[in-house]
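The values are calculated or read from the model by the stated rules, or taken from the named source; none is laboratory data. This structure is a prediction, so every number in the text was calculated from the model and none was measured. Neighbour counts run over all protein chains shown; Cβ positions are idealised from the backbone, glycine included.
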Amino acid sequence: MGRVSELFRIFRNRKLFVLLIVLIVFAAIMGFSLGQRDNLTWPENFVGDSVSFVQQWFYKPAGYLAGLFEDIRTMRDIYRENEELRNTVARYARDRVMYNRIELENERLKEALAFKERQKRMFDYEYVIAHVVAVSTDPLNPTFKINLGSTDGIRPDMAVVTTDGLVGLVSRVFPLYSTVMPITQLNGESSGARAISATVMEHKESFGVIEDYDAQRGMLVMNRIAESDPLSVGDVVITSGLGGVYPYGLVIGTVETRQVGDFGLTHTAYIKPAAQFDKLAEVFVVVPPDLGEAPASEEEAP
Amino acid sequence: MNTKRVIALTVLLFMLETTIVPWLIPESMHGRLAPHFVFVAALYAGMYAGRHPALFIGLIFGMMQDIVFYGHMLGVHTLLMGSIAYLTGLLLEGKRVPMLAALFVIALCCFLYDSAAYGIYRVFRVTHEPYEFVLMQSIAPSLFLQTGFALAAYVPARRLLEPKAKKDGDEEE
């Protein structure tokens, strides 16, 4: 008993004692919540969903208003843009004819080669539109919230894109809303590191792994490029679709520089992201087809 | 202090800083200016209402921020907002805090808050940027934003939070 009372005398200042306990509890919570979690507990679900439900009433009208002012300012560019779009549409109409022909032929060849049903559906990725409802204020945790959740079939680590390119990966999924972590938070050193295997549009045989973001240069880092790889500056980097999680062909960015990597064996390229990360209103979540079995859960580096 | 009105206004602030303010931040400052208006409100509560309301506001809204934008991990904002607001209340509760002193305390606390958040993320290896870079990139500009907001909110915050009886004594604002 004497020992115990002596111990308490050290913590005679009750506040210090409470502070210690609080610190320990919070360190435990942080450590526990850091890793991958497929299901959240009900208090988290309740708070997350009900707050986001209110946030969506604010975010969208604000976006419309901001867009209105933007429109007035950019009125002069619209004529030029219209001209460009007309050219693009003409090109699109031409390509469409070609595409239809090739698709039909592709179908026929698949039949001829007796593709299994599962193989046929392997690339049937679904692009589900989602509205952004709120943006985090923490610069080191810059997630944003979208209005699709686990009840809509969203799972962690699905790719999120805009019309410009890959924006982020779904981070945590609540029943009605989910948080998206921008790809600017990719970090090879963290415990739950994600990696995106990538290739370039110009050379199909190129391969590299994007698993890091250099905030000081504002560029993604693509590692493990073979020395003989034809990848060069100015190429458009796209997802390679090799892991089965992200579909083939999502635009990530353009190659800015290429140099010999840290260990001298492989090359490293810096990639300027194609997508904008601020003032997002609508994004698309890429839902892989349900093939009956779980696809490779993570795109691991080879 | 009108508790209901304070809570309603703080909820409104939280909604503002997560939905409307991001649209107002210019593109060049994206990812650099971080509004922490609710944190400023918690600090004002610590200075003019007492340490317990401050702790309450800090914990509740920190938890909201943590859970709603759950990306890397939970608990960072709950811990920091709660503890810093409580500490401010503990040190300054019941003292007369004029405007310049209040602004100085808020700037100091915002610096502490952002730096401690960076420290926690660094310890858990969520970020690997050097501190000098983060300091210049986001902590310093955000500090000015928070101080500007604190200046704008000083009079309404004090009117709202200060106990009625004491107010007759010092009307120097």
Pick out the one residue from A:Asp138, A:Asp164, A:Asp152 that is touching a residue at least 40 places away in the same chain (Cβ under 8 Å) and either more than 10 Å from chain B (Cβ to nearest Cβ) or not aromatic (Phe, Trp, Tyr) (or both). A:Asp164
Check whether at least one residue in the range B:21-28 is of a type outside the set (S, T, N, Q), touching a Pro at 6+ places or on another chain (Cβ under 8 Å) and part of a helix (DSSP H, G or I), and report yes or no. yes
If we scan the range A:70-90, do we find a residue that is surrounded by 10 or more Cβ atoms within 10 Å (Cβ to Cβ) and among the aromatic types (Phe, Trp, Tyr)? no
Name every residue in the range A:39-64 that is surrounded by fewer than 13 Cβ atoms within 10 Å (Cβ to Cβ) and at pLDDT below 85, in order of residue number. A:Asn39, A:Tyr64
Would a scan of the range A:229-237 turn up a residue that is closer than 30 Å to B:Met64 by Cα, modelled with pLDDT of 90 or more and surrounded by fewer than 20 Cβ atoms within 10 Å (Cβ to Cβ)? no
Filtered residue count, the range A:15-65, keeping only those that are more than 7 Å from chain B (Cβ to nearest Cβ) and either part of a helix (DSSP H, G or I) or within 23 Å of the chain's Cα centre (by Cα) (or both): 34
Specify which of the listed residues (B:Leu79, B:Leu59, B:Leu92, B:Leu74) is within 13 Å of B:Leu112 (Cβ to Cβ) and of a type outside the set (D, E, K, R). B:Leu79
Enumeration of residues in the range A:162-213 that are among the charged types (D, E, K, R) and either in contact with a Leu (Cβ under 9 Å, 6 or more places away or on another chain) or more than 21 Å from B:Arg122 (Cα to Cα) (or both): A:Asp164, A:Arg172, A:Arg194, A:Glu202, A:Lys204, A:Glu205, A:Glu211, A:Asp212
Filter result for the condition that a residue is without any contact (Cβ under 8 Å) to a residue 40 or more places away in the chain, within 14 Å of another protein chain (Cβ to nearest Cβ) and more than 20 Å from A:Ala28 (Cα to Cα), over B:Leu100, B:Leu55: B:Leu55
Could you tell me whether the range A:182-196 includes any residue that is touching a residue at least 24 places away in the same chain (Cβ under 8 Å), of a type in the set (Asp, Glu), surrounded by fewer than 18 Cβ atoms within 10 Å (Cβ to Cβ) and within 14 Å of another protein chain (Cβ to nearest Cβ)? no
Yes or no: B:Gly46 in a helix (DSSP H, G or I), within 11 Å of the chain's Cα centre (by Cα) and either at pLDDT below 90 or more than 9 Å from chain A (Cβ to nearest Cβ) (or both)? yes
So B:Leu91, is it surrounded by fewer than 22 Cβ atoms within 10 Å (Cβ to Cβ) and either more than 14 Å from every other protein chain (Cβ to nearest Cβ) or part of a helix (DSSP H, G or I) (or both): yes
How many residues does the range B:58-84 contain that are among the small types (Gly, Ala, Ser) and either more than 9 Å from every other protein chain (Cβ to nearest Cβ) or in a helix (DSSP H, G or I) (or both)? 4
